[in-house]
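A.B. asks: Here it is: the structure, laid out below.
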Amino acid sequence: MHHPGKGQQKDQSKIIYNGQITVQNIPEEAYDYMVNGKSAIAWVMERQCVKTDKKSQIVNDANRFAIETMGDPAYPLRLLAKVITVSLETVKIVETLREIEFS
């Protein structure tokens, strides 16, 4: 998973999931929902990928996890879609709370 473009030219309105699937029209405010100092979307993108640990050479493959543990090969994509939705809804709720005056 990655955004198209490089450096500051990355288009965050799109996420290339793989060669056949691109998630598009992601509103900029979806990235305002933060988890541990980064957007929830970035957090999911980092963890739902295939990477090899440099020291141990153990392969962490979100696709294998999705099939073997979740029984759903589309789990990483579904998770990304859910996190985008939750991010947008959370940002809306937080904005609404800011407008409420408590006495």
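A.B. asks: Residue farthest toward the positive end of the dipole of the range 7-99, with Cβ of Lys/Arg at +1 and Asp/Glu at -1: which of Ser56, Ile93, Gln8?
C.D. replies: It is Ser56, whose Cα lies furthest towards the positive end.
A.B. asks: Same structure again: Could you run the Karplus curve 6.51 cos²θ - 1.76 cosθ + 1.60 with θ = phi - 60° over the range 73-79 and give me ³J(HN,Hα) per residue in whole Hz, x for Gly and Pro?
C.D. replies: Computed from phi, the couplings for the range 73-79 are x, 8, 3, x, 5, 4, 4 Hz.
A.B. asks: With the crude spin-label approximation of a point 7 Å out along Cα→Cβ, what separation in nm comes out for Val23 versus Glu46?
C.D. replies: Simple spin-label model gives 1.6 nm for this pair.
A.B. asks: Describe numerically, in nm with one decimal, the distance between label points set 7 Å from Cα along Cα→Cβ at Asp61 and at Phe102.
C.D. replies: The answer from the label model is 4.9 nm.
A.B. asks: Let me ask something else. Amide H neighbours of Val35 under 5 Å, counting only residues 5+ apart in sequence or on other chains, H built in-plane at 1.01 Å?
C.D. replies: Close amide H contacts, sequence-distant or interchain: Ala40.
A.B. asks: Using a cut-off of 11 Å between beta-carbons, work out the net charge of the residues near Ala30 (Lys and Arg +1, Asp and Glu -1, Ala30 not included).
C.D. replies: Numbers: positive: Lys92; negative: Glu28, Glu29, Asp32, Glu89.
Taking every other residue near Ala30 into account, the sum is -3.
A.B. asks: Shifting gears a bit: Within the chain, how many Lys pairs that are eight or more residues apart, or on different chains, come under 28 Å at the alpha-carbon?
C.D. replies: 22
A.B. asks: Can you work out the Karplus-derived ³J(HN,Hα) for every residue in the range 26-41? Use 6.51 cos²θ - 1.76 cosθ + 1.60 with θ = phi - 60°, whole Hz, and x for glycine or proline.
C.D. replies: 7, x, 4, 5, 4, 7, 7, 7, 10, 10, 6, x, 9, 5, 4, 5
A.B. asks: Could you grab the relative contact order for the chain? Cα pairs under 8 Å, six or more apart, rounded to a whole percent. Each step should come with its number before you reach the end.
C.D. replies: Values: 110 pairs, mean separation 21.6, N = 103.
Contact order relative to length: 21 percent.
A.B. asks: What is the calculated FRET efficiency for Ile16 to Asp53, with r their C-beta to C-beta distance and R₀ = 30 Å, to the nearest 0.05?
C.D. replies: On the way: r = 24 Å, r/R0 = 0.80.
In this case the efficiency is close to 0.80.
Coordinate-derived values only; no laboratory data. Keep in mind it's a predicted model, so treat the numbers as computed, not measured. Every residue, glycine among them, receives a Cβ derived from its backbone with ideal geometry; neighbour counts consider all protein chains shown.
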